[in-house]
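Trainee: Below is a structure I'd like to ask you about.
Values quoted throughout were computed directly from the atomic coordinates according to the rules given, and no laboratory measurement underlies them. All values reported here derive from a predicted model rather than from experimental measurement. Neighbour counts run over all protein chains shown; Cβ positions are idealised from the backbone, glycine included.
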Amino acid sequence: MDHEKVNILLVDDQPAKLLAYEVILKELGENLVIASSGREALELLLKTDIAVILVDVCMPELDGFELAAMIREHPRFQKTAMIFISAIQVSDIDRLRGYEMGAVDYVPVPVVPEVLRAKIKVFAELYRKTRELERLNQELEDRVRARTAELENSTARLRESEQRRSMAIAAGKMGSWDWDWISGDWMWDEGQYRIFGVGPESFEVNPANVQALLHPDDVDQLRKAIAEFNKGARAYETEFRIIRPDGEVRWCVGTAAATVDDSSRVVRVSGVTVDITERKRAEERQNLLAREVDHRAKNALALAQSIVRLTRADEVKAYVNAVEGRINALARVHTILSLSSWQGAELSRLIDEELAPYSLGGQIILAGPEVQLLPATAQTLALALHELFTNSAKYGALSTRSGRLTIGWQVEDQVLTLSWEESGGPLVMPPKSRGFGTRSLLASVESQLGGQARFDWRAEGLLCRLEVPLTRKMAATTTSGKFDDASSAELQRASG
């Protein structure tokens, strides 16, 4: 029978003896490993798995006893079989010492080949059987671990599946129910109770109690479903509302399926209820948003139309530039409002957007607190600031390097006061008549926002003061983005 070869280490300082041992043990068919010194034997042991060590007792530098002691000190070789060979008469004390060092047997010289082979064969087989048992034991442990892990994984998967099912029902806000059509008995699961806002300990499931939780306008849905099943329907689906005991109204969608007997008579109806309240609310918000977007789009178009219609200029190029500037100002404030979901805009942000093209070398100084503007107020002020910046860049402080502009603002009693003060620019002469920019600014601030705009054309530079109400009540004459016909008419009058 074929078997796995094992390694037998032969240790002797005399080559002739090593050769003799090889000849004697060759018949065993094992791997013979040769070492001519104790140190070489130690090196081989560290590199190779050895079944049996045959070692000469008398060797220079490191004798057999010392070698055995060093081998036994290593945890890996504490059970390795060692057989001593001695060419001298060995006393009982020497034998005892050898056994203490870990020897399993002594072989005297001259060596009897049959005896040596028999001893080596016994320990080689023992080593082989031990290794085989270790392998079998390891395989058994591996199988046990694998089986245990498989069972644990299976249990974990079942547990996770149940958790996912429970989480899906809870997250999906679902409930299931069963109605015995013959006896009238109902069965609700936990999700069904949760949707209706009741508990099994205090709520008896029966047609009367269930109907009492339905919205009065949707009670007919239950009657219709019963009628459909009595007519032979096998499935029914509908949306309905419930009123929980705490007064909260919830939207649900119910799906039911009938079980029939051999005579096609309904004997049981089972179904699933899904709470769709959040979906309904989202649909309402979406519809509201669509209407709001439509409203804002119409207002923005109306405002743009008014800008195009009311802008005046002597040349086409000047007209185009004026219209583009005002529409761009409107687009910038729309971007700011969009980022806030049309909740409002910071005044400082509006000013930063408008002054960006003119902020040269510290010519402009800003001072004021953070002020949140309503959408309508932000749009109107953005256009007003655009007119002021455009006028200053053409004729005022921002038209020269030496010019300076200071913009300051404060809020008192929900009224924003903004001051615009120019200096260091060209000599200012009071205008003989107001241009469209000034007239439209006055009209928008006063008509649109119910505020006031004052101009002081000082020789050293324009001083403008705007007073604008901030509350919704005070600004109720306009809505988000609105530029109504009355305002258009006011601007028309302002434009002459």
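Trainee: How are the Cα pair distances of segment 316-470 distributed, in percent, across 5 Å bins from 0?
Mentor: 2, 9, 19, 22, 23, 16, 7, 2, 0
Trainee: Stretched out fully, how many nm does the piece from residue 155 to residue 49 gain, at 0.36 nm a residue minus the Cα gap?
Mentor: Here the segment from residue 155 to residue 49 would lengthen by 34.0 nm.
Trainee: Return the distance in nm (one decimal) between the two label points of a simple spin-label model at residue 79 and residue 267, each offset 7 Å from Cα along Cα→Cβ.
Mentor: 6.8 nm
Trainee: Next question. What FRET efficiency, computed as 1/(1 + (r/R0)^6) with R0 = 45 Å and r the Cβ-Cβ distance, is obtained for residue 141 and residue 180, rounded to the nearest 0.05?
Mentor: Computed FRET efficiency for residue 141 and residue 180 comes out at 0.25.
Trainee: Quick one: what Rg and Dmax do you get for segment 174-275 from the alpha carbons, in Å?
Mentor: When restricted to the Cα atoms of segment 174-275, Rg and Dmax are 13.3, 44 Å.
Trainee: Please work out, to two decimal places, the log10 of the ratio I(q)/I(0) at q = 0.12 Å⁻¹ from a Debye calculation in which every Cα of segment 7-136 carries one identical scatterer.
Mentor: -0.41
Trainee: Please give the length that would be gained between residue 413 and residue 348 if that part of the chain were fully extended, namely 0.36 nm times their separation in residues minus their C-alpha to C-alpha distance (nm, one decimal).
Mentor: Extending this stretch completely gives an extra 21.4 nm.
Trainee: Please list 3J(HN,Hα) in residue order for segment 226-243, calculated via the Karplus relation 6.51 cos²θ - 1.76 cosθ + 1.60 where θ = phi - 60°; whole Hz, with x for glycine and proline.
Mentor: With the stated coefficients, segment 226-243 comes to 4, 5, 5, 5, 5, 7, x, 5, 9, 8, 8, 9, 7, 9, 7, 10, 10, 10 Hz.
Trainee: Stretch residue 209-residue 260 to full length: gain in nm at 0.36 nm per residue minus the Cα-Cα span?
Mentor: Net length gain for the segment: 15.8 nm.
Trainee: Hey, can you grab everything whose amide H is under 5 Å from the amide H of residue 33? Only 5+ residues off in sequence or another chain; H modelled, so Pro and N-termini drop out.
Mentor: 8, 9, 10
Trainee: What value in Å³ per residue do you get for the convex hull of the alpha-carbon atoms in segment 213-259?
Mentor: Looking at segment 213-259, the number lands at 67 Å³ per residue.
Trainee: How big is the dipole moment of segment 407-467 about its Cα centre under a simple scheme where the beta carbon of each Lys and Arg is +1, that of each Asp and Glu is -1, and everything else is neutral? Debye, nearest 20, please.
Mentor: Rounded to the nearest 20 debye, it is 380 debye.
Trainee: Treating cross-link reach as a plain straight distance, find the lysines whose alpha-carbon is under 18 Å from the alpha-carbon of residue 129, omitting any fewer than eight places away in the same chain.
Mentor: 5, 79, 119, 121
Trainee: Setting aside same-chain residues fewer than 8 positions from residue 432, which lysines have a Cα under 29 Å from its Cα?
Mentor: Once the sequence-local lysines are set aside, what remains near residue 432 is 317, 394.
Trainee: Set the Förster distance to 56 Å, then compute FRET efficiency between residue 40 and residue 148 from the Cβ-Cβ distance, nearest 0.05.
Mentor: Here the calculated transfer efficiency is 0.75.
Trainee: Let me ask another. Might you report the magnitude of the Cβ-based charge dipole of segment 174-275 about its Cα centre, with Lys and Arg at +1 and Asp and Glu at -1, to the nearest 20 debye?
Mentor: It comes to approximately 300 debye.
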